[in-house]
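Here is the structure we will look at, set down as structure tokens.
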Amino acid sequence: MAEIRPQARIALIDALEIGQGTSGRNAGFLIDVPHNVDGGQPDAEYERQLFALNNLAIGQLRSLKERYRIDCGWHDAGKYMSAHEEGNLARLECFADALKAAGFEYEVVEGQALSRRLGTSYYKAAVYTPGNVLVKPGGPGSRSGRCATGIRHAVHGEPGSGLRLRASPYPEVPGRHLAR
């Protein structure tokens, strides 16, 4: 928001420190390829659109991390979809077929090569996709909330914040809204 409207006064409000509550619950995974690409009936065009959207988001976060020197433990790790049981090996093959149909980069890894990569011989096969990023959960949200100009962070109950809460005028939206 601060980039789109640099003159705006923006308040980020969370019940906890930013990155500790809802804003930090992504578990640190920034995925490019959705987990369920095969979904039973692959729709390659939809998957490509979702992939493009995910990569746009990853690119924006990468840009913010670099611009504001955000220490969030960024690691371009890729992702392994792995299988041990025979039934899951067939599903893994469907996943690889759907990735191929959508034109996504992937690699099938099996046996000793997989054991060396993962450090365990439990899995029999995996499909590796390179675009997944790992970050410290809450790292991007907690730091970016203090980097952009015009953003003020107010913690719920912070003395002197000057914010008053009022009941929601929308019955379908639980919670409270700010009043000036």
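A compact table of results
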| item | result |
| --- | --- |
| Calculated FRET efficiency for the pair Asn55/Ala113, C-beta based, R₀ 25 Å, to 0.05 | 0.40 |
| Isotropic mean projected area of the C-alpha convex hull, the stretch 28-144 (nm²) | 7.7 nm² |
| Cβ-derived FRET efficiency at R0 41 Å, Ile10 paired with Ser121, nearest 0.05 | 0.20 |
| 5 angstrom amide H check on Lys79, placed H, neighbours 5+ away | Thr129, Gly131, Asn132 |
| Quarter of the Cα convex hull surface for the stretch 82-130, i.e. its orientation-mean projected area (nm²) | 3.1 nm² |
| All lysines inside 16 Å of Lys65 as judged from Cα atoms, apart from same-chain residues fewer than 8 positions distant | Lys136 |
| Where labels lie 7 Å past Cα in the beta-carbon direction, separation of Glu105 and Ala27 in nm | 2.5 nm |
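Taken together, the values in this text are just the output of simple stated rules run on the coordinates, not laboratory data. Quick caveat: nothing in here was measured; it's all calculated off a predicted structure. With ideal geometry, Cβ positions are generated from the backbone for all residues, glycine too; neighbour counts draw on all protein chains shown.
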